[in-house]
2 protein chains.
Amino acid sequence: MTDGVVVALDVGGTDIKGALVGPGGVVRHRARRATGAGRGQPAVVASILDFAGTLAGRARAGGWTARAAGVVVPGVVDEELGVAVKAANVPLASVPLRDLVADRLEVPAALGHDVRGGALAEARLGAGRDADHVLFVPVGTGIAAAYVAGGAVLAGAGAAGELGHVVVRPGGPRCGCGARGCLEAVASAAAIARRAGRPAPEVVARAAAGDPAAAAVWRDAVEALADGLLTVQALLDPQVVVLGGGLSRAGEALLGPLRAALRERLTFQREPRIVGAALGDEAGCLGAGLLALALGP
Amino acid sequence: MTDGVVVALDVGGTDIKGALVGPGGVVRHRARRATGAGRGQPAVVASILDFAGTLAGRARAGGWTARAAGVVVPGVVDEELGVAVKAANVPLASVPLRDLVADRLEVPAALGHDVRGGALAEARLGAGRDADHVLFVPVGTGIAAAYVAGGAVLAGAGAAGELGHVVVRPGGPRCGCGARGCLEAVASAAAIARRAGRPAPEVVARAAAGDPAAAAVWRDAVEALADGLLTVQALLDPQVVVLGGGLSRAGEALLGPLRAALRERLTFQREPRIVGAALGDEAGCLGAGLLALALGP
């Protein structure tokens, strides 16, 4: 596949990230367009297919051949059937997106889940590339997780990885899902902002500057994250935990206290390395590219 | 492999279960001998190898050929290297048991973990045989878990499945591992007995008969198990949960209230089927047999 590339798409609530990815995950070209989620499902599907076609055209213009396509979407995804089942922030319900993309481009296609795609990319090309067992945890508006073992993502029966809904504070704050004390209700960027009455990055800065109210909210969030990671460590035993999403931009202000809080809680379990994501918001698109590259020459 | 069998061994703290297993997991012969754990590592290793030899001899006498061997042991197991790393109740520390058995019998051998072996057997041959994503949870002196996805067991980086040490009661009872509020410290048969001052089966019987003290301990245990399963459901999304171990002999007295308690806690997660184990204490040995059968003809 020396002059072959794959078309990669990461469909989000706000925009669709696109790329042409070559062997080894090298990005040859990147582009982005608005999802226009408010326009409804037919328009969004048309945008995705049109964007895929544009990227394939760009490949031809660059002297490459688009050999396959990979698409990742949020929500519930049936990877075997290639169907986007449902999502909270993108109007895709029971859409056979894999086959639609394959038909449009006349190449094999793969459909994946955005977080699992991001996990695959971080595990193979990013912050987890030297480990066999990698947990990827994007912390933003919500909290999710995906586990990569030996280069393959664990999907469970389709809905694995809901780390945000592990109960860490029984009887605690009400979560959007209806339960109380979910990790996401304490430690997501949205929960931090709601509890502190200001955006999460500002809470981090104020906590660092010694503001006691901000420090309390931040400490609660870090301790809840440590409780969640302790549970994952017992159940899945990852070697490396890669933190991504908006909150991970706090860098060492998050990673340092989180490592300390987890270390305090471990008894017999292995201490994982806790590191920041390396691929930023390109992880999902690279994951889509890896899924397409895995379809063969 | 029409007249081929494999030698299967499940090494426990009290006894070693042995079997000759044919294609499809059919048990042709079963035997058992004392582990003699108190005699120290060299004697235990000698017992294992001698028992394996006896079983291979029994195969020849029955007109079968022993084509491979599988051994499962408790504790920490390096399945790739075939080494029993350490265990709490059997004196096996860094023993290359796979190669020792292979050398003794002059056939290929596999080494596995007892709970993961039992999970494999329940998933392929037992209570989870109609599902692709099966969680096996033996509840006895301790609580463990192993997850089988698409016929393969998830081992993490070697120490996955410590469901007993998921914290379900922050600040709760002290666990043997040093932490507080681990599931095992509330809901194992040992914890139930300790809290009620009588053996777990008696607690179950008394709770059913309306004894309020026994009923309170039993309810606590069932609710803690439901909390633990809720966490697993969010993270791993199993279709079927197979309860094994001594406590599962309580049957519907456990399964009924546990199903109700989990249902009450689910928000968006799938409700798994919760069933009792089908293979009893033969699951580990059958799992060892499946590992051996997977080594090929």
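Things worth noting here:
- Residue within the stretch B:57-64 that is touching a Gly at 6+ places or on another chain (Cβ under 7 Å), in contact (Cβ under 8 Å) with a residue 60 or more places away in the chain and part of a loop (DSSP other than H, G, I, E, B) present: yes
- Exactly one residue out of B:ARG174, B:ARG195, B:ARG206 is within 26 Å of B:PRO257 (Cα to Cα), in the same structural domain as B:LEU235 (by TED's automatic domain parsing), among the basic types (Lys, Arg) and in contact with a Pro (Cβ under 9 Å, 6 or more places away or on another chain): that is B:ARG195.
- The residues of the stretch B:156-174 that are more than 19 Å from A:HIS133 (Cβ to Cβ) and surrounded by fewer than 22 Cβ atoms within 10 Å (Cβ to Cβ), listed by number, are B:ARG169, B:PRO170, B:GLY171, B:GLY172, B:PRO173, B:ARG174.
- Which listed residue is of a type in the set (Gly, Ala, Ser), in a helix (DSSP H, G or I) and within 14 Å of another protein chain (Cβ to nearest Cβ), from B:ALA221, B:ALA213, B:ALA226, B:ALA260: B:ALA226
- Looking at the stretch B:111-210, the helices (runs of 4 or more DSSP H) lying wholly inside it that each contain 2 or more residues that are more than 30 Å from B:PRO96 (Cα to Cα) sit at B:184-187, B:189-196, B:200-208.
- For the criterion of being more than 20 Å from the chain's Cα centre (by Cα), at pLDDT 95 or above and surrounded by 18 or more Cβ atoms within 10 Å (Cβ to Cβ), B:ALA207 passes.
- Yes/no for B:ARG270 being in a helix (DSSP H, G or I) and either at pLDDT below 95 or away from chain A (no Cβ under 14 Å) (or both): no
- Taking every residue in the stretch B:219-246 that is in the same structural domain as B:THR141 (by TED's automatic domain parsing) and free of Cβ contacts under 8 Å to residues at least 24 places away in the same chain and pairing it with any residue that is acidic (Asp, Glu) and buried (at least 24 other Cβ atoms within 10 Å of the Cβ), at least 6 positions away or on another chain, the pairs with Cβ-Cβ distances below 8 Å are B:LEU235/A:GLU162.
- Flag if A:GLY161 is in contact with a Leu (Cβ under 8 Å, 6 or more places away or on another chain), facing chain B (nearest Cβ under 10 Å) and touching a residue at least 40 places away in the same chain (Cβ under 8 Å): yes
- Scope the stretch B:254-275; condition buried (at least 17 other Cβ atoms within 10 Å of the Cβ), over 27 Å from A:TYR147 (Cβ atoms) and touching a residue at least 24 places away in the same chain (Cβ under 8 Å); matching residues: B:LEU254, B:PRO257
- When the stretch B:164-208 is filtered for residues that are among the hydrophobic types (A, V, I, L, M, F, W, C), within 14 Å of chain A (Cβ to nearest Cβ) and in contact (Cβ under 8 Å) with a residue 24 or more places away in the chain, the ones remaining, listed by number, are B:VAL166, B:VAL168, B:LEU183, B:VAL186.
- Filter result for B:ARG124 (of a type in the set (Lys, Arg) and surrounded by 19 or more Cβ atoms within 10 Å (Cβ to Cβ)): no
- Criterion: under 22 Å from B:ALA152 (Cβ atoms) and in contact with a Ser or Thr (Cβ under 9 Å, 6 or more places away or on another chain) - qualifying residue of B:VAL71, B:VAL44, B:VAL83, B:VAL76: B:VAL83
- Boolean, A:VAL153 is closer than 19 Å to B:ALA149 by Cα and buried (at least 24 other Cβ atoms within 10 Å of the Cβ): yes
- Of all residues in the stretch A:25-45 being farther than 25 Å from A:ALA119 by Cα and surrounded by fewer than 13 Cβ atoms within 10 Å (Cβ to Cβ), the one that is modelled with the lowest pLDDT: A:GLY38
- For B:ARG98, the criteria (1) modelled with pLDDT of 95 or more; (2) surrounded by fewer than 20 Cβ atoms within 10 Å (Cβ to Cβ) hold in every case but one, which is (2).
- Checking A:ALA109 against (1) surrounded by fewer than 23 Cβ atoms within 10 Å (Cβ to Cβ); (2) of a type in the set (Gly, Ala, Ser); (3) more than 18 Å from A:LEU154 (Cα to Cα), the condition it does not meet: (1)
- Hey, A:VAL72 more than 13 Å from A:ASP10 (Cα to Cα), under 21 Å from the mean Cα position of the chain (by Cα) and buried (at least 19 other Cβ atoms within 10 Å of the Cβ) or not: no
- One residue stands out in the stretch B:71-87 among those that are closer than 21 Å to B:LEU286 by Cβ and of a type in the set (Val, Ile, Thr): the one that is modelled with the lowest pLDDT, namely B:VAL77.
- Per the listing B:VAL107, B:VAL90, the residue uniquely in a loop (DSSP other than H, G, I, E, B) and at pLDDT 95 or above is B:VAL107.
The values are calculated or read from the model by the stated rules, or taken from the named source; none is laboratory data. Predicted model, so just to flag it, every value in this text is computed and none were measured. With ideal geometry, Cβ positions are generated from the backbone for all residues, glycine too; neighbour counts draw on all protein chains shown.
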